[in-house]
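The structure under discussion appears below in the form of structure tokens.
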Amino acid sequence: MFRTAVRVLPPWLSHALNAQRGPVPWNAVTRGALAGGPLLVVALAAGRASLGVVAAIAAMLAGINDRPGGRRTSVRRIGVPALAGAAGLLVGTYAGQHLDALALTLLLTVLGLLAGGVSAVGPVASAAGTQLLVGSAVGAGMPLPDPGWQSVLAFLAGAGWLLLLRLALPTPGSLTGGFRFDGERAAVAGVYDAVAALLDAVGTEDAAARRAALT
């Protein structure tokens, strides 16, 4: 009965409900699992739960930028956005404490424009702009009992912990030469195959199905 119901759904909806599989970055998944949880446990044990939450948020944001590549590249890819996020958290924290609603809205608007402009420079700058804006919004909208500078240090500690895991944990794929990015290469090749199939189906009744398969 469920399959019959799925068949009568419009193509755009049935495609949205269809799970698509891709290569799973198990190394990054492991680092993510070891990042936020232990920080929260240590913070709770030390009686500084609020700082632990900030550190865990920073580790989570740093994990977004934990992508395949060399360790030297990962320092810039994770570290630069983390610094931008810490700066945004600092600005947002003190702005939320001392500015009224209108001034705070204007400040966040300016930061959003700045983040958008910086994002055009490149992928690392884009991540930095995003974390700048997110950090400022978190700092302004999540009042904490700790001084702002302590929250910033906790943020940097959380991002630094994820970066340390990225540098310290072994990366099995780095020992396999050209096979390191096989999953990513297969995914990109699949996209090109789907584009070719869509071009072949232009003007035929299969075009809609091929377009759905591509997206």
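Quick rundown of the values:
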quantity	calculated
Positions within region 75-128 being under 23 Å from Ala154 (Cα atoms), β-branched (Val, Ile, Thr) and out of contact with any Ser or Thr (no Cβ under 8 Å at 6 or more places or on another chain), in sequence order	Val75, Ile78, Val80, Val124
Only listed residue being modelled with pLDDT of 85 or more, out of contact with any Cys (no Cβ under 6 Å at 6 or more places or on another chain) and of a type in the set (D, E, K, R), chosen from Arg21, Arg48	Arg48
Candidates Val91, Val42, Val54, Val29 - the one that is more than 18 Å from Trp149 (Cα to Cα) and modelled with pLDDT of 90 or more	Val42
Subset of region 106-125 (residues that are of a type in the set (Ser, Thr, Tyr) and modelled with pLDDT of 90 or more)	Thr109
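The values are calculated or read from the model by the stated rules, or taken from the named source; none is laboratory data. These numbers were taken from a predicted model, which means no experiment stands behind them. Cβ atoms come from the backbone with ideal geometry, glycine included; neighbour counts cover every protein chain shown.
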